[in-house]
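The values are calculated or read from the model by the stated rules, or taken from the named source; none is laboratory data. Predicted, not measured: the structure shown is a model, and the values here were computed from it. As a convention, Cβ positions derive from the backbone with ideal geometry for all residues, glycine included, and neighbour counts pool all protein chains shown. Surface areas here come from the heavy atoms of the whole protein model, side chains and all, with no ligands, DNA or RNA. Shrake-Rupley method; radii C 1.70, N 1.55, O 1.52, S 1.80 Å.
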Amino acid sequence: MSSYPEPEIEQFFLTATAAQIKKQRLNWEYSKSLTFEVAKKMQPEALQIAVDGLSGNDPFFVKEVITFIDAGLCRQPPQEVYVQGIIRLHQYNKDETLTFLKKYRFLVENDLWLLFQFEGGQELSLAAYDKFSRDGHRWEDILDILSQEGVMPRAKMLKASLEALNRGFIQFRASWFSRFHERLKPSPAERIELLDDYLSLLASPVPPTVSFALAALNEIEKAKLKPLEAERLFPNIQPALMAASKTTAQGALALIEKAAAREPQMRPQALQIAASALSHQNTDVQKSLLKFMKANQALIAVDPALQNAIKENLDFVSPALQKDFAALAGAQTAVAKSEGKAAASNAAALENAAEKISVEDISIEYLAADSLSYHQGEAIATIGDAQTWLESTLAFIEAPFDVVQAERIIQAVALGRVQALHNINGASAGSTSEAKTAKPLIKRLQKLIERRVQRYEYGAPFWVLTFLLHFLGGAEIANAVDYFNKFSQVKIGKETTLDGADIFKGRLLSILLRLTEGQSLDPLKAETTGGFTNIDAIIDNLKQLPAKADYVCAASIEKLQPYLVLARLPWTEHEKLLSRLQIEKLKAPLALELENALAVMLAVERKYQSADGLERDMLVVKELAQDSSCPFAALTKAIKQPTYSIETLDLTAFTMPTLSAFFFDEGAKECKRIVKWSEVSDLSKAAYFHPLAKGLAPYSERAHFLLTVGLLQSMPELRALTCDCLVDAIDRQSLQTQIIGAKLGLLLYSDISMPKRAATLLEEVARTSPLHNEAVRQILQFSLDRCQFEANEKSDGDKALPRDLAAILELYLNCSIRANKPVESPVCRAFLEGLSGTKKSSAKSQGANDTKSTKTVKGGKAKEIAKDLLALT
Amino acid sequence: MILHTDKKVAAMHESKAQAGAISQTINYGFSSTISTFERQPKLELATSLREARYPYFFEGRLEEAHMFARCLLSLAKVVETRFYIPPNLLQRLLSERDPVITSGAGALRFEGFSACASAYCRVDLLPPAYDGEIIEKGTTNVDFNPQMKAALAATLQSESLEIGVGKDEFVLKKGNEKTVEKKVKLPLRWLKSFVEVQAYQKQMEKRLTVSKVEALNFLRNLPSNANNQTVFFIVPAGRGLRLSQTVQSRPSANGAIATPIQIGGLKRLQLLKDLVPLIKQSQACALTVYSSPDGLASEWQIDMKEGLRFSLTMTSQPFRGFSGEGRVLENLTEIEEEKLALLRSALQWRQFLSEESLQQSCNMNHDALQNALAALGSRGLVGFDLSSNSYFHRELPFDLSLVESMHPRLKAAHKLVATDGVKVLPSLESRKEIQLEVRGSDVTHLVTGYEESWRCTCQWFSKYQGTRGLCKHILAAKLSQAQKESQELEEEEVQIEQLP
């Protein structure tokens, strides 16, 4: 073991020239050997090179460097390296660091100020260093003590911390300096000295810095030592008005108002600057601005520039405030225009208005269509020739899993369309272009399978890869069952419950087994991109089977086969299929099994004959699922099987399209769990929305439930999908606003209440068109109907009102104004009256339940909006 | 006029190509700063030009400087941001790079890439936006330092701003100022991106135009927690835009089905959020979105006011840098140096080079001109301006001839041809296509060409289907075909010469 200093290295430093030291890789061993004694004997130029090099490689070398500088042996190393060294100089104990710093006058007088000039990096900065230091022993404590003791001038420190904030540091690193500045507790007089610095920080691109500067200005204002002059404030305040934070923008507005009140001659400029808050995204800021403008109405009336500024930005303003702002600017809003038209009694004016009436002026009504049915998608075209199949497969295995493309490729194999490629790897005809294309494909399949095995990814895509490789003859085990079993055994655990991927695997294995028996058919084939089949296709398939002969099938799905076929056939076709089977009198075992399965299912279906179509499906599935002896239960279990694989979920929906209601129910439960427990966002949940987003599944009651939960999600992918589904469903008038509204109201009072999230997403939907706006208005109205019911049911004092309900109310108000409609529902009106407190006296007469709802009156904003809503006519 | 030969540029910057990066020392006469000049703020932009004949590259004055300042700040934000950090890159985060500025024919263009090369940003300053004169023509780096950025941030809306882009005069004023020297390692990907972005822009078409209100609504609603890997589609929603997760190919105005614009890494788009509220120009068409026909790259253009434009061009995903796209590779296999020289002489620092005028002046057909422009683009000599749908001349201050030879796919293709890795298969009479066997890393690939369409059995082609340029096997096949054709031509010429 070597001891330091090492004589050899010492000797090197004493004899080497500057050029030689520059060439040497100076690591920490060298820094240990460059002692003060050695440094004294070195040539100054060589020492400087050594100090520069070692400081870069060993940050802890800074203590030695400081002693060298103190003794006049060398200069500072490059500044950034030196500053980083200084930060690291303090380790655990502030007293030790303080003692060291005070020992060197040049440090406290000059070099420590460099800390205020350098941002540092990802690894090292004052903010990062202090974050992991213990309380009372941070750099901010050390610098504070130095300032209190007068070692470092306090005024200079206050100024330096503000200058640091103006150096464009990122938010995390900048925040250290604002925190430190406030820690020094500047007095009002000191703050006045620093006024220009605070003002310039209002333009900082770092939002917390803007808030910090504004708070400092407020402190000055509060102290009333010296008023903030409008001339100095106004040119700088505008960026704060545009800050995303509501508090900051309102604070800035308040400062402007105060300055304008003190200096009335500056009011026109104040209004001009304040007008930029018109485009602020928060309605409360706009409201504050309106209040300020209304107070100065007379000035606006004589200022055309200001009127124009208001008019230009009217579209930014919340519809609820547009009318007031428009009145200030002497303009008419779209809503006001239509009201004006309605009120016109002059016949000529009416005629003129009728001519000019635009689409937006027509009162839009949204009515959901009555009939809901499955949209089966397009017919799947099977690939016909080998070369196309090879090229499609090459592309498919590289792209994310596409169930329809997978089906096309599998069907081509199952139906014998690419029989020439079966076991092509071992074939002698290696000179054909098919063989030349197959070789790279086989190689790639082998690589991909190996990679997935290493990563333990045994999902649906994995089984497609193994299926393809085995078909092409590239697998090391010739027997398909053995080959598939080889991978099945390594799966975690040995769950007896099948999931979507397992069912898919069973189908693939069956196809391979059938190929060896010369059976080119697939009873589980999907006919359309929605995963559906039809009666003719089922009968044709059964006819191809040898009479009374067994068709080959993997053991894992043998009993499930008839139910899997039926899971692709709409419920309404069951009776027809049964009678067709009875007419055709097919001898194939699968035909008989199908007849039996249909008999079981139809018995339950008849039981619920009186129920609504899609609701009936759900009831039938639920009852069949309870009979564990029936293989059908395995299908419902497969849907319930938890998975983090988006492909498996996609495939499950594709394999069992007629069980979509049950699938959505499961999806809603999964999505609810994410919201309730704030679980790590899981992209696979997006797959529950896919059948709806593709327009394949009907908007059943359970689909509405899934979409309602989707409104409360935070994950952007799920939110975008929910928005897609809602926009599309409204376009096609398949969305039942009453169902989704009632469910939303229910969830607002549940443990996953997220009114803000729901409001933001619904607003996006409402902006699409007047029809969408109307649909959203209806949803919100129905949701408030339900809220009235929930408030009565669940009210337990002050906690009853959902937090942030104001967001829902505000959107409802905006949609109602845009649609030019009042609150139509008496239940909703009662809820709003309860909220606004206008129904207190009548509530008592209505009994205990209503009294409870009046107790829920809480939250000024919700109360105000409720009043506005009730005032709509 | 500043026309650097490749040798001069190389010598000037002491460029040395290393693995994946070019070490470059850039000397600035001073640090860019905002000073006060006759009671007016003056932006002094330092450049790395040494051969300028005039003290100032540009000198002028801007009204409503606030907008310009915010544009420059956004540009600075792009060039200093890495929107995607590859998992294997741990500590090797690259230094900040400075944007480049091009001046000539009345226009000043500031441009730069994000460190990951997935976002390209340009600020165009055209005559109506400034009051001044462009004295010098050329392209150079400009020094963007934290102090200047902080001063830009503090520029007020009501202020006007004097701008000086140059070197000498400021040095004369402050005789003892130290020259600012920045040592940066420019990754090759950044340089290659300059080549690729113009190829993408050339293919782009106008897809969406939205008002200021709708643009702001869209940008404010962008989720901040979106996964970098997730691709969203941008679809119209009423008069505005929204994010979608469903591919909805909707018919465009001319009836053709347009693939929706794809965007991942939404943080890049959020850069526009600070600029949109400042737009003065045309409230109704505040934000224009262009995209390539496949929707895989898009340009988001904001006309701040007349003559001041901010453009942000992005790939569909932040981990897909422009550098890796390789759309120009095909053109690079067919370079004719004579035509290049002819075209280069026609550029003349013009800021709007229309294809028609170039075809006429150089006597080239469309294909030849495209190849030549792509080749010039690959040497950093032209950029593309979508709003005017024309190329503009610029000469990047880097030795880009190195880049061309370092395109990994092109380099590998040359190697394959040189080592007899390409074998032409006898073509069947029934088939009009040609087939070649090209050696792969562990298997031989089949390359098939039919007219202009080429296919390969390799992973790259299978994955991207040509959307990210050709694979090395197709490039090798094309190079080999080109070689064969030129050999045949030479033989024919020899035979003709030998005829009596």
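Looking at segment A:106-219, the helices (runs of 4 or more DSSP H) lying wholly inside it that each contain 1 or more residues that are acidic (D, E) and away from chain B (no Cβ under 14 Å) sit at A:126-131, A:139-148, A:171-183, A:188-193. For segment A:83-109, residues that are under 20 Å from A:S125 (Cα atoms), touching a residue at least 24 places away in the same chain (Cβ under 8 Å) and not β-branched (V, I, T) total 11. Just one of (1) surrounded by 21 or more Cβ atoms within 10 Å (Cβ to Cβ); (2) in the same structural domain as A:A501 (by TED's automatic domain parsing) fails for A:T652. It is (2).
Residues in segment B:209-237 that are in a strand (DSSP E or B) and open to solvent by 30 Å² or more (accessible area, probe 1.4 Å): B:T209, B:P236.
Within segment B:454-472, the set of residues being within 12 Å of chain A (Cβ to nearest Cβ) and open to solvent by 30 Å² or more (accessible area, probe 1.4 Å) comprises B:R455, B:Q459, B:W460, B:K463, B:Y464, B:Q465, B:G466, B:T467.
Taken together, A:Q281, A:Q272 contain a single residue that is outside any helix (DSSP H, G or I) and more than 25 Å from A:P186 (Cβ to Cβ), which is A:Q281.
Highlighted here are the helices (runs of 4 or more DSSP H) found entirely within segment A:668-753 that include at least 3 residues which are open to solvent by less than 10 Å² (accessible area, probe 1.4 Å) and within 14 Å of chain B (Cβ to nearest Cβ): A:716-731. Touching a residue at least 12 places away in the same chain (Cβ under 8 Å), open to solvent by 50 Å² or more (accessible area, probe 1.4 Å) and of a type outside the set (G, A, S): is that true of A:E80 in this structure? Yes; evaluated as a whole, the condition is true for this residue. Has segment A:588-598 got any residue that is modelled with pLDDT under 90, under 42 Å from the mean Cα position of the chain (by Cα), open to solvent by less than 10 Å² (accessible area, probe 1.4 Å) and under 22 Å from A:L512 (Cβ atoms)? There is no residue in segment A:588-598 that is modelled with pLDDT under 90, under 42 Å from the mean Cα position of the chain (by Cα), open to solvent by less than 10 Å² (accessible area, probe 1.4 Å) and under 22 Å from A:L512 (Cβ atoms). Just one of the numbered conditions (1) surrounded by fewer than 18 Cβ atoms within 10 Å (Cβ to Cβ); (2) more than 15 Å from A:R75 (Cβ to Cβ) is not true of A:A16: (1). Applying the condition of being in a loop (DSSP other than H, G, I, E, B) and not hydroxyl-bearing (S, T, Y) to segment A:19-42 and asking which residue is most open to solvent (accessible area, probe 1.4 Å) yields A:R25.
Taking each residue of segment A:15-28 that is within 18 Å of A:G56 (Cβ to Cβ) and looking for partners that are open to solvent by 20 Å² or more (accessible area, probe 1.4 Å) and among the hydroxyl-bearing types (S, T, Y) with beta-carbon atoms closer than 8 Å, six or more apart or interchain, yields A:Q24/A:Y30.
A quick yes/no check of all residues on (1) closer than 13 Å to B:E59 by Cα; (2) crowded, with 22+ Cβ neighbours inside 10 Å; (3) charged (D, E, K, R); (4) within 14 Å of another protein chain (Cβ to nearest Cβ):
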{"position": "B:T102", "(1), (2), (3), (4)": "no, yes, no, no"}
{"position": "B:A105", "(1), (2), (3), (4)": "no, no, no, no"}
{"position": "B:L108", "(1), (2), (3), (4)": "yes, yes, no, no"}
{"position": "B:G112", "(1), (2), (3), (4)": "no, yes, no, no"}
{"position": "B:S118", "(1), (2), (3), (4)": "no, yes, no, no"}
{"position": "B:C121", "(1), (2), (3), (4)": "no, yes, no, no"}
{"position": "B:L125", "(1), (2), (3), (4)": "yes, yes, no, no"}
{"position": "B:D131", "(1), (2), (3), (4)": "yes, no, yes, no"}
{"position": "B:N145", "(1), (2), (3), (4)": "no, no, no, yes"}
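Only one of the numbered conditions (1) away from every other protein chain (no Cβ under 14 Å); (2) under 23 Å from the mean Cα position of the chain (by Cα) is violated by B:E306, and that is (2). Selection over segment A:376-426 of residues that are over 15 Å from A:T466 (Cα atoms), in a helix (DSSP H, G or I) and polar (S, T, N, Q) gives a count of 6.
In the set (1) surrounded by 24 or more Cβ atoms within 10 Å (Cβ to Cβ); (2) within 14 Å of another protein chain (Cβ to nearest Cβ); (3) β-branched (V, I, T), A:T760 fails one condition alone, (1). Among the residues making up segment A:389-436, those that are charged (D, E, K, R) and crowded, with 19+ Cβ neighbours inside 10 Å are A:E391, A:E407, A:R408, A:E434, A:K436. Residues in segment A:258-300 that are open to solvent by 70 Å² or more (accessible area, probe 1.4 Å) and more than 14 Å from chain B (Cβ to nearest Cβ): A:K258, A:A261, A:R262, A:Q265, A:R267, A:K291, A:K294, A:A295, A:Q297, A:A298. Would it be correct to say that A:L469 is within 21 Å of B:G440 (Cβ to Cβ), in a helix (DSSP H, G or I) and in contact (Cβ under 8 Å) with a residue 40 or more places away in the chain? The answer is no for A:L469.
Evaluation of B:A150 against the conditions (1) at pLDDT below 70; (2) among the small types (G, A, S); (3) in a loop (DSSP other than H, G, I, E, B) shows that the sole unmet condition is (3). With respect to being acidic (D, E), closer than 25 Å to A:L498 by Cβ and without any contact (Cβ under 8 Å) to a residue 60 or more places away in the chain, A:D665 fits the description. The single condition among (1) hydrophobic (A, V, I, L, M, F, W, C); (2) under 16 Å from A:E391 (Cα atoms); (3) open to solvent by 30 Å² or more (accessible area, probe 1.4 Å) that B:V447 does not meet is (3). Of all the listed residues (A:Q148, A:Q84), the sole one being polar (S, T, N, Q), in contact with a Leu (Cβ under 6 Å, 6 or more places away or on another chain) and within 27 Å of A:L201 (Cα to Cα) is A:Q84.
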